[in-house]
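Worksheet: the structure to be examined is printed underneath.
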Amino acid sequence: MVISRSSAASDVMSGKISMNNVALLLEDSISILGVDIDNSLRFDKHISRICRTASLKVTSLRRILHLLDPQGILTLYKSQIRPHLEYASLAWSSAAPTNLSRLDKIEKRALGLIQDATNPSYIDSLEHRRDVGALTVLHKAQVQQMPHLLSLRLPPIVRERSTRTVQSSRLLVDVPRSRSSQHQRTFSARAARLWNLFTSTLDVAEMNTQQAKRAAHHWRSTKPTPLNLLYTHGTT
């Protein structure tokens, strides 16, 4: 598979990759550990597949409503439907907002089956959970420096001068430069912005994984993600 934003890239490479003198056919997408990765990294196929699977399970849940109380419905949602909506989500979180909104609609359908789920804060949104997951993974990489997450570590910010406007946290990281909105939504770019906002208000250097996760959950609950996190450069 040739990964490129150019539609002509595959045509250029067609027939030029071989094994044992046999030209290999190029694929538009491949599946790795249950994630469909397409040649433009848009994850359209993957989102469509998990939407179909989760939607069918919501329909099945609707058919047995008469057997369950609201808590039972919520338990089945968390154990049988939500895992499909967020499996390996840090890998495909750069998907277009229109695709991610499809997942939110399925979650809304499922929670709508719970009679007393009238409060929108009744359960954390999928975006909230993805952000907490990203911050937790980055804490493991940046603070705990776990070897298997070495490739996810981001370089610290190099300050040219010290001013009052510079955030003081020693854990701030350099935000990768983005040339497209798609790249701004990737793990490294979005998580870096979240991390800088998170660590500029909390000292997480001495926290273990569970403490950092709880802190990230509380911070994300009280500090809704600013829209400019997705579309601006820098650390704020």
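See the values below:
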| read-out | value |
| --- | --- |
| Top of Thr136, Thr199, Thr222 by mean-square fluctuation, Gaussian network on the chain, Cα under 10 Å | Thr222 |
| Computed magnitude of the charge dipole of the chain (debye, nearest 20; Cβ of K, R +1, Cβ of D, E -1) | 300 debye |
| Label-to-label distance, nm, for residues given as Asp174 and Ser6 (7 Å Cα→Cβ offset) | 2.8 nm |
| DSSP loop trypsin sites (Lys or Arg not before Pro) with at most 12 other Cβ within 10 Å: longest gap in the chain | 17-158 |
| For the chain, built as a Gaussian network whose Cα springs stay under 10 Å, the top-fluctuating residue of Val35, Val204, Val22 | Val22 |
| Charge sum, other residues only, whose C-beta stays under 12 Å from Phe43's C-beta, Lys/Arg counted +1 and Asp/Glu -1 | +2 |
| For the chain, built as a Gaussian network whose Cα springs stay under 10 Å, the top-fluctuating residue of Leu68, Leu90, Leu113 | Leu68 |
| Dipole of the chain, positive end: most advanced residue of Val22, Ala192, Ile106 [Cβ charges, Cα centre] | Ala192 |
| Per-residue ³J(HN,Hα) for the range 14-28, Karplus 6.51 cos²θ - 1.76 cosθ + 1.60, θ = phi - 60°, Hz, x for Gly and Pro | 4, x, 9, 10, 9, 9, 6, 6, 10, 5, 8, 6, 7, 9, 7 |
| For the chain, with +1 on Lys and Arg beta carbons and -1 on Asp and Glu, the positive-most of Val173, Gln144, His84 along the dipole | Val173 |
| Phi to ³J(HN,Hα) by Karplus 6.51 cos²θ - 1.76 cosθ + 1.60 over the range 52-58, Hz, x for Gly, Pro | 4, 5, 5, 5, 5, 6, 5 |
| Cα-based convex hull volume of the range 41-111 per residue, rounded to whole Å³ | 70 Å³ |
| Volume of the Cα convex hull of the chain, divided per residue and given in Å³ | 169 Å³ |
| Relative contact order of the range 1-40, defined on C-alpha pairs under 8 angstrom at six or more residues apart (%) | 44 percent |
| Cross-link table Lys78/Lys213; Lys57/Lys140; Lys45/Lys223; Lys57/Lys223; Lys108/Lys140; Lys78/Lys108, entries beyond 23 Å C-alpha to C-alpha | Lys57/Lys140; Lys45/Lys223; Lys57/Lys223; Lys108/Lys140 |
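Every number here is computed from the coordinates shown, using simple stated rules; none is lab data. This structure is a prediction, so every number in the text was calculated from the model and none was measured. All Cβ positions, glycine included, derive from the backbone under ideal geometry; neighbour counts span all protein chains shown.
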